[in-house]
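For reference, the structure is listed below as structure tokens.
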């Protein structure tokens, strides 16, 4: 059992865990599809982006939110200096992440075989890349490093984990073991299999959040309950979304209640995967306050107590994000 610290890495430095408040664990602030920053028909006006994000973060705080986790990783628009300014202006703590994935969204450099015979990037190279972003600061491309990453976020290919995805997962696990920062993953085709890759690296399950577990294929396979049994966090991180891939809020709330009644109330995380500003893709234009304003009443209707809701929104993400 790892020993919890009392701090979390935010873009403005270490923050005591008791100061985080309600945490939304899987959101995006500025999300730029790699390459979109070079497109002739896309404008990236930082002042306009700041105003848009500041308004959304202030709304989140007005409705009781305390901390936003930007889970986009390294090369999807992450702007550490912008996030610092936003945190100062809004009073919302911002936890930024390192990590990459899935394979199809990696830049060419990370897909170029650099061995003879050619092999995917090995786990230790990804681990070194991610570890430096925690220990030395997140990269501002070609300029500097600043601010420690507070989470390692990666994802597997939706059709199934590739060899490069596996290197990403193993590299993330090794980074977590070496730095004390937790891992958040989006599974590919099989959530339990993908969690087992991390656990094979001897990473304690309590240091892992498995996201996307409100996808229909995960629910149909019983994955949320099995992930919780193994001791990892079950991230139901598409509140407000219902489509052919994801269950709707009514079923999502019932699933949350089922997990609580099964004794796994301390393994649940909630968020909406909202996108504050999207460039090059449509994004998910939900308010960061959606869980608080719209989804929590559904949990209350399911019979969850205020204490059980607080555990999910405050205590669980606090324990995940604490550096150990």
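The values are calculated or read from the model by the stated rules, or taken from the named source; none is laboratory data. Treat the numbers as computed from the prediction; the structure is a model and nothing was measured. We place every Cβ from the backbone using ideal geometry, glycine too, and count neighbours over all the protein chains shown.
Any residue in region 110-121 that is surrounded by 14 or more Cβ atoms within 10 Å (Cβ to Cβ), touching a helix residue (DSSP H, G or I) at 6+ places or on another chain (Cβ under 6 Å) and under 22 Å from residue 188 (Cα atoms)?
yes
Of all helices (runs of 4 or more DSSP H) completely enclosed by region 275-324, which ones contain at least 2 residues that are closer than 19 Å to residue 29 by Cβ, touching a strand residue (DSSP E or B) at 6+ places or on another chain (Cβ under 8 Å) and at pLDDT 95 or above?
Hits in region 275-324: 316-321.
Among the residues in region 262-274, are any surrounded by fewer than 19 Cβ atoms within 10 Å (Cβ to Cβ), in contact (Cβ under 8 Å) with a residue 40 or more places away in the chain and out of contact with any helix residue (DSSP H, G or I) (no Cβ under 7 Å at 6 or more places or on another chain)?
The answer is no; no qualifying residue exists.
Against the condition at pLDDT below 95 and either part of a helix (DSSP H, G or I) or in contact with a strand residue (DSSP E or B) (Cβ under 6 Å, 6 or more places away or on another chain) (or both), how does residue 73 come out, does it pass?
When the stated conditions are applied, residue 73 passes them.
Of the residues that sit in region 64-84 and are closer than 23 Å to residue 132 by Cα and more than 17 Å from the chain's Cα centre (by Cα), which one is surrounded by the fewest Cβ atoms within 10 Å (Cβ to Cβ)?
In this case the residue turns out to be 81.
Of (1) surrounded by 14 or more Cβ atoms within 10 Å (Cβ to Cβ); (2) over 30 Å from residue 177 (Cα atoms); (3) modelled with pLDDT of 95 or more, residue 55 satisfies all except one. Which?
(1)
What single numbered condition from (1) on the phi < 0 side of the Ramachandran plot; (2) modelled with pLDDT under 95 fails to hold for residue 151?
The failed condition is (2).
In region 277-311, what count of residues is obtained for those that are out of contact with any helix residue (DSSP H, G or I) (no Cβ under 7 Å at 6 or more places or on another chain) and touching a residue at least 40 places away in the same chain (Cβ under 8 Å)?
11
Would you be able to tell me the number of residues in region 16-45 that are in contact with a strand residue (DSSP E or B) (Cβ under 9 Å, 6 or more places away or on another chain) and not in a helix (DSSP H, G or I)?
Here the count works out to 19.
Condition first: surrounded by fewer than 24 Cβ atoms within 10 Å (Cβ to Cβ), within 18 Å of the chain's Cα centre (by Cα) and more than 24 Å from residue 104 (Cα to Cα). Now tell me which residues in region 178-203 satisfy that.
179, 180
Write out, first by first residue and then by second, each pair whose Cβ atoms fall under 6 Å of each other, whose residues are 6+ apart or on separate chains, and whose first residue, in region 135-148, is under 16 Å from residue 77 (Cα atoms) while the second is surrounded by fewer than 15 Cβ atoms within 10 Å (Cβ to Cβ).
Close Cβ pairs satisfying both conditions: 139/145; 145/136.
Exactly one condition in (1) buried (at least 17 other Cβ atoms within 10 Å of the Cβ); (2) free of Cβ contacts under 8 Å to residues at least 60 places away in the same chain is not met by residue 24; state its number.
(2)
Identify, from the list 254, 218, the residue that is part of a helix (DSSP H, G or I) and crowded, with 19+ Cβ neighbours inside 10 Å.
Being part of a helix (DSSP H, G or I) and crowded, with 19+ Cβ neighbours inside 10 Å holds for just one of 254, 218, which is 218.
Pairs, please: C-beta under 8 Å, at least 6 apart or cross-chain, first residue on the phi > 0 side of the Ramachandran plot and without any contact (Cβ under 8 Å) to a residue 60 or more places away in the chain and in region 192-213, second buried (at least 17 other Cβ atoms within 10 Å of the Cβ) and outside any helix (DSSP H, G or I)?
Filtered contacts from region 192-213: 212/186; 212/187; 212/235; 212/237; 212/238.
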